[in-house]
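Remarks on the structure that follows.
The values are calculated or read from the model by the stated rules, or taken from the named source; none is laboratory data. From a predicted model like this one, the values you see are computed outputs, not experimental measurements. In this analysis, Cβ positions are derived from the backbone assuming ideal geometry, glycine residues included, and neighbour counts consider all displayed protein chains. These accessible areas exclude ligands, DNA and RNA; they are computed on the full protein's heavy atoms, side chains included. Shrake-Rupley method; radii C 1.70, N 1.55, O 1.52, S 1.80 Å.
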Amino acid sequence: MYSDTPFTKENLNNCLKELAKEFRKLNGTAMPAEIILIGGASVLANYGFRDMTYDIDAIITTSSVMKEAVNRVGDRLGLHTGWLNTDFKKTTSYSDKLLEVSVYYKTFSNILTIRTIAAEYLIAMKLMSGRQYKYDLSDATGILWEHQKKDSPISREAIDKAIKKLYGENAELPSVSKKIIDDAFESGDYERAYREIRKQEKDAKEILLGFDKDYPGELKGENINSVIENIRRKLEQEKQKTK
C-alpha cells in the first residue's frame, strides 16, 4: 500500500491506527502503549510546510510485543523494514530528556497514545543534527514560520533554553546551524529563510549524489559537510570565472 511512496500526514495516521489495532490484538487491552514521534514524523504530524517523510523515528515506551506489531503492520501494508524505528538514539540529536518535553498528539483504539515533541525542543533537535542534505535546517525555520503565521512566535531565548535542557549548559550547535538560526532571527523573514534553505538542502543532496557516483564509498559521516562546502566553493569559483 505504501511501499513506493513516502509517509504523508494522512498515511502516517493510518499506519499508526493499524499499529494500534495490531498491538491490541496481540497484547489485549490491559496494558496501554505509548510512542513518541521524533524528527520528521513529529514535524509532519504538527505542521503543514512538511508534506512527507520516508521513515518514522520514535521512542517506544512499551513491551516487546510492539516490535512484533510493527513488523506485522509493515508486512501487511507493504512498508519497508524499519518503517518505525529507534535508530535515531545513535545520533547527536538524541537526548534522554525527550520524554520530559513530549506533548500529547492522538490516541488510537483506546490503547496506543502518540506523543510528539514540543516546538522549541524540536527546533533544538533539528539544529543539533544540522545535516545540510536532509530537512533539518529547513524544518527548524519552517517551524518558526508556522508559529509566526499563527501569532504564537517562538523566541530565541526559548530555543536556547531548549538546547541547554536537552544537551547541557555547554552544548554547542554545529556552525552551519548557528549561522542559520542567527540569520533567521536577524531577518525575521522565516518564510524566505525556509524556502532558501530548502533549496540549499536539495542542492546539497545533488552534490552528494554526484560525489558518491564519482567516488563510490568515499563519503563518510565526518566528511559530508566538508565535501558539500568544497564542491560549493569550486562551483562558485567556476561561476565567477565565466562572468
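Values as computed for the structure displayed
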{"item": "Wholly enclosed strands (runs of 3 or more DSSP E) of the range 1-116 bearing at least 1 residues farther than 26 Å from GLN148 by Cβ, open to solvent by 10 Å² or more (accessible area, probe 1.4 Å) and in contact with a helix residue (DSSP H, G or I) (Cβ under 8 Å, 6 or more places away or on another chain)", "result": "56-60, 102-108"}
{"item": "Helices (runs of 4 or more DSSP H) completely within the range 147-243 that count 2 or more residues being open to solvent by 90 Å² or more (accessible area, probe 1.4 Å) and modelled with pLDDT of 95 or more", "result": "156-167, 175-187, 190-214"}
{"item": "First in the range 182-202 and closer than 15 Å to ILE154 by Cβ, second anywhere and part of a loop (DSSP other than H, G, I, E, B), Cβ under 8 Å, 6 or more apart", "result": "TYR194/PHE49"}
{"item": "First in the range 15-34 and within 13 Å of LEU84 (Cβ to Cβ), second anywhere and part of a loop (DSSP other than H, G, I, E, B) and hydroxyl-bearing (Ser, Thr, Tyr), Cβ under 6 Å, 6 or more apart", "result": "ALA20/SER109; ALA33/THR62"}
